[in-house]
Amino acid sequence: MVYLFQDAHDNDPPSLKIAYVVSKKVSVKAVIRNKIKRRMRVAVREPLKERGVQDMDLENNIFIAIIASKKVLEASFQQISLEIKESLEKLV
């Protein structure tokens, strides 16, 4: 699940910030939660590079929250990557 927040009231220069959330409901083991977060980080890098989001001029601060569900435990990296890519294309 991916959420997008835009903040036009902040005095900081426009930036892109991404939060990766994996709760204990997904896995009690921190090792597993951290592995999922690492996979999500890598899955986000490629679509952002393709779209040039890192270098483009942003009008507002953009905050994206990517929240993992239990289904991520059974998903391959390709499935995670595709899901994140499709979600980001809708948002950014």
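The values are calculated or read from the model by the stated rules, or taken from the named source; none is laboratory data. Just so it is clear, the model here is predicted, and its values are computed rather than measured. Quick reminder, even Gly has a Cβ in these numbers, built from the backbone with ideal geometry, and neighbours come from all protein chains shown.
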Margin query: Quick check on Q54: is it exposed (fewer than 11 other Cβ atoms within 10 Å of the Cβ) and either at pLDDT 90 or above or not in a helix (DSSP H, G or I) (or both)?
Written below: yes
Notebook entry, point to check: Residues in the range 14-41 that are among the hydrophobic types (A, V, I, L, M, F, W, C) and free of Cβ contacts under 8 Å to residues at least 24 places away in the same chain: how many?
Noted result: 3
Margin query: Looking at I18, I36, I84, I64, can you tell me which residue is modelled with pLDDT of 90 or more and either among the small types (G, A, S) or surrounded by 15 or more Cβ atoms within 10 Å (Cβ to Cβ) (or both)?
Written below: I36
